[in-house]
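The values are calculated or read from the model by the stated rules, or taken from the named source; none is laboratory data. The structure displayed is predicted, hence computed values, not measured ones. Cβ placement follows ideal geometry from the backbone for every residue including glycine, while neighbour counts extend to all protein chains displayed.
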Amino acid sequence: MTALSSGKNELFALSYDGKSHWLINTGRGLPSGQAKWVLEPYLKARGINQVKAVILTDDYRKHTGGLQLLTDNFSLQSLYYPKHSRKFLEDARLRSALKHVNTQGVTSGDRVNNGGLEHFRVLDVTRRGLMLVIRYKEAKILFLPALNDEVLRTLEKYRSEIIDIDLLLLASQRDVAKKFIDLLFDWTDPDAVSRLRESITKETFRRTRYSPFES
């Protein structure tokens, strides 16, 4: 798994056995050109000509902007996106490029299989996008589109499912990620969620909503 350097956007590449290549989001298109200057060189340097699937966590341009470049220069087999987020399909040129791509809207509980035990599962859908549980090789990964009040309330419903995650992918500041990880091991504290929520509301989101996750 690789977290591509794309500023404040979540852009991840996963390769299963060096054969099945998946992307979470595609970065911005031109003029900022994250897809052109980050994603395309990454794929070409590894000799990747075919992408099995792209999972869009929402329909924001910072996540969908690279789709056109991807369909123009690579073979894309499948595209998954939140059922309620279809704005990116209003682009006629992109719609035409996706004509031969398996496109599917997903919602809470849906699973996208990659064979065997490896899969993506939509834990839930928030206004900020998909919350994903990813089975990658032997790891269990939790992807969160943000860590705000809505996401925290939603996570409370899935305590038993996320307590054993191996990796957290989070578009937020490191101090907030640490507090969240601490919380995972202290669900028995009835005030833990409230304290974390209050901390995020008063401190982190007053300063900035995102900070980049780079690798």
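Of the residues making up the stretch 88-109, those that are basic (K, R) and either surrounded by fewer than 12 Cβ atoms within 10 Å (Cβ to Cβ) or part of a strand (DSSP E or B) (or both) are R93, K99. Only a single criterion out of (1) of a type in the set (A, V, I, L, M, F, W, C); (2) touching a residue at least 40 places away in the same chain (Cβ under 8 Å); (3) more than 23 Å from K137 (Cα to Cα) is not satisfied by A35, namely (2). Of all residues in the stretch 123-140, which are among the hydrophobic types (A, V, I, L, M, F, W, C) and free of Cβ contacts under 8 Å to residues at least 40 places away in the same chain? Result: L123, M131, V133, A139. Among residues that are closer than 18 Å to F12 by Cβ, at pLDDT below 85, under 15 Å from the mean Cα position of the chain (by Cα) and crowded, with 16+ Cβ neighbours inside 10 Å, P212 is not included. The conditions of being closer than 20 Å to P145 by Cβ and either free of Cβ contacts under 8 Å to residues at least 24 places away in the same chain or in contact with a Gly (Cβ under 9 Å, 6 or more places away or on another chain) (or both) are not met by L14. Scan the stretch 110-149 residue by residue and report those that are in a loop (DSSP other than H, G, I, E, B) and under 20 Å from Q77 (Cβ atoms). Scanning the stretch 110-149 gives D110, N114, G115, G116, E118. Could you tell me whether A139 is farther than 28 Å from K87 by Cα and at pLDDT 85 or above? The answer is yes for A139. When the criteria are applied in full, T26 meets the requirement of being within 13 Å of the chain's Cα centre (by Cα), outside any strand (DSSP E or B) and free of Cβ contacts under 8 Å to residues at least 60 places away in the same chain.
When you look at T71, is it in a helix (DSSP H, G or I), β-branched (V, I, T) and farther than 16 Å from M1 by Cα, yes or no? Yes; evaluated as a whole, the condition is true for this residue. Looking at the stretch 44-75, which of its residues are among the aliphatic types (A, V, I, L, M) and surrounded by 21 or more Cβ atoms within 10 Å (Cβ to Cβ)? Residues satisfying the conditions are V51, A53, V54, I55, L56, L67, L70.
The residues in the stretch 59-108 that are within 16 Å of the chain's Cα centre (by Cα), modelled with pLDDT of 85 or more and among the basic types (K, R) can be counted, and the count is 1.
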